[in-house]
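Only the coordinates and a few stated rules stand behind these numbers; no lab work does. Model, not experiment: these values are computed from the prediction. Cβ placement follows ideal geometry from the backbone for every residue including glycine, while neighbour counts extend to all protein chains displayed.
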Amino acid sequence: MKEEYQEIINFYSEKKFELEQFLAGIEKFFENHPVLNKNPFPIIHSTKSRFKDPDHLIDKIKRKAEKGVVVTKDNLFREINDLIGIRVLHLYQDQFPIINEEITKKIESGDWAFVEPPKAYTWDPESKKMYDKLKIETELRETYYTSVHYVITPNNPNPVSCEIQVRTLFEEIWGEIDHAINYPHPTENIASKEQLRVLAKLVSTGTRLADSIFRSHNDYLKKNGLQQWL
């Protein structure tokens, strides 16, 4: 079965250098950005980058074929826009608008372009209000997955693209557990599905509590004339 996809896999391998170059630039943007990494309290906690595994790529091509989309080496970059990806992790939700603002500035500068509008996956009404205010489209997933996705491409004829996922550390914990159970194919275990939804609610509670802690801390710093976190 794998042989019929070999041409696409070979093409993917040939283009790896171009993908690596684009990904390296994105990594440097987040890791070295002066606003997002200001001392002593950086906005970004850490980043994680990855290349799509060839077996996972084949699996995604098969799933697209089931929906009537035929992927070839000629349309690979157009149909599969997460061949490379980076996760941008931060401590609490109040930091997100700053990250979003700097990504938006990068787009407006002409260095990057959006392949599609940013999308926030959320089930929480309070979070939805924040995303609506930032004019970010929201979507509810049955699993209660939460993260904000940006798909970007260099603002030049190069067709490569990258998926940027921005989420809190609490959301990352949920995502890692969900990924282990539900990727690339969703589990059929009903108990696990229900437990993941409960965990999603605990994650939301943790994120809100983290926001509350840092808001209280910032108020304390402000009252005492000390440097604030935000």
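A compact table of results
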{"quantity": "Table column - 3J(HN,Hα) (Hz), the stretch 197-207, Karplus curve with 6.51, -1.76, 1.60, x for Gly and Pro", "calculated": "5, 5, 4, 4, 5, 5, 4, 4, 4, x, 5"}
{"quantity": "Efficiency of FRET between Leu199 and Lys128 - r from beta-carbon atoms, R0 25 angstrom, step 0.05", "calculated": "0.80"}
{"quantity": "Between 0 and 90°, nearest 10: helix 54-66 axis offset from the chain longest Cα axis", "calculated": "80"}
{"quantity": "Label zone at Glu101 (point 7 Å along Cα-to-Cβ), backbone N below 16 Å, the stretch 15-34", "calculated": "33-34"}
{"quantity": "Distance from the stretch 51-79 to the stretch 114-191 (C-alpha centre basis), Å", "calculated": "20"}
{"quantity": "Charge dipole (debye, nearest 20) of the chain; +1 at Cβ of Lys and Arg, -1 at Cβ of Asp and Glu", "calculated": "620"}
{"quantity": "Of Leu23, Val160, Tyr150, farthest towards positive along the dipole that unit charges on Lys, Arg, Asp, Glu beta carbons give the chain", "calculated": "Tyr150"}
{"quantity": "Label point 7 Å beyond Cα of Arg215 along Cβ direction - residues of the stretch 56-95 with amide nitrogen under 13 Å", "calculated": "93-95"}
{"quantity": "Förster radius 30 Å - calculated FRET efficiency between His185 and Glu4 (Cβ-Cβ, nearest 0.05)", "calculated": "0.90"}
{"quantity": "Net charge contributed by nearby residues that have their C-beta within less than 11 Å of Glu7 (K/R +1, D/E -1)", "calculated": "-3"}
{"quantity": "Matching label, semi-axes √(5λ) of the Cα gyration tensor in Å computed from the structure shown, candidates (i) 33, 23, 14; (ii) 33, 30, 20; (iii) 26, 20, 18", "calculated": "(i)"}
{"quantity": "Dipole of the chain [Lys/Arg +1, Asp/Glu -1 at C-beta], most positive-end residue of Asn75, Tyr183, Asn100", "calculated": "Asn100"}
